1. Which far-off residues, 5 or more places away or on another chain, put their amide H under 5 Å from the one on ARG102, with H placed in the peptide plane?
2. In terms of modelled amide H atoms, which long-range or inter-chain residues lie less than 5 Å from the amide H of VAL136?
3. Could you tell me which GluC sites (Glu not before Pro) in region 1-103 are loop residues by DSSP with no more than 14 other beta carbons within 10 angstrom of their beta carbon?
4. So how much slack lies between VAL86 and GLN18, counting 0.36 nm per residue of separation and subtracting their Cα-Cα distance, in nm?
5. Near GLU78, within a Cβ-to-Cβ distance under 12 Å, what is the net charge of the other residues, with Lys and Arg +1 and Asp and Glu -1?
6. Compute the length gained on full extension between ALA68 and LYS54: take 0.36 nm times their separation in residues and subtract their Cα-Cα distance, giving the result in nm to one decimal.
7. Under a 5 Å amide H to amide H cut-off, with H placed in plane at 1.01 Å, what residues pair with ALA83 once short-range neighbours are removed?
8. From a point 7 Å beyond the Cα of ASP101 in the direction of its Cβ, which residues of region 119-134 have a backbone N at a distance under 17 Å?
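Every number here is computed from the coordinates shown, using simple stated rules; none is lab data. Please read all numbers here as calculations on a predicted model, not as lab measurements. FYI the Cβ positions are ideal-geometry reconstructions off the backbone, even for glycines, and counts take in every protein chain you see.
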Amino acid sequence: MKVLVATDGSEHSMKAVQRGVELAEKQGAQVTLMAVAYYGADYLEGMPPNIQDKLEDEARSALKKGKALFDAKNLPVETVLEAGLVPANLIIRKAEEGKFDRIVIGSTGMNALERVLMGSTASKVVAHAPCEVTVVR
């Protein structure tokens, strides 16, 4: 079974990572951790210098934090960093292209503004995913 786990380092996304660890341990799942640096190049003008680097560093940090849970149990895991304006679209695309069997995602992430403006990433993933989705609270 191929499992894509989306993480942003938040409490709920780390619970999703833990679920990925359990799937790898108990079912031998092949797990990929994915983080999205949330931005669009068109929106970076007028932003503080190095904001893109900062957002990518935050996404890398989330991946590192999640990977540490797999490393602690000596389980293999792949990590993927994407960048874009709508994280749900990138998660769905990765699931389609990678032919994943399941997506595991936290019920809420770090970005409250995103939920207000665009709806939650988890809701969009559930609505449009090409595979089973597990939402972790």
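1. Those qualifying (amide H under 5 Å, at least 5 residues apart or on another chain) are LYS2, LEU4.
2. Residues meeting the amide H criterion: ILE105, GLY106, SER107.
3. Those that pass, being in a loop and sparsely packed, are GLU45.
4. Between VAL86 and GLN18, full extension yields 22.1 nm more.
5. Once all neighbours under 12 Å are counted, the net charge is +3.
6. Gain on extension, ALA68 to LYS54, equals 2.9 nm.
7. Amide H to amide H, under 5 Å and 5 or more residues apart or across chains, ALA83 pairs with ALA37.
8. Residues 130-134 fall inside that zone.
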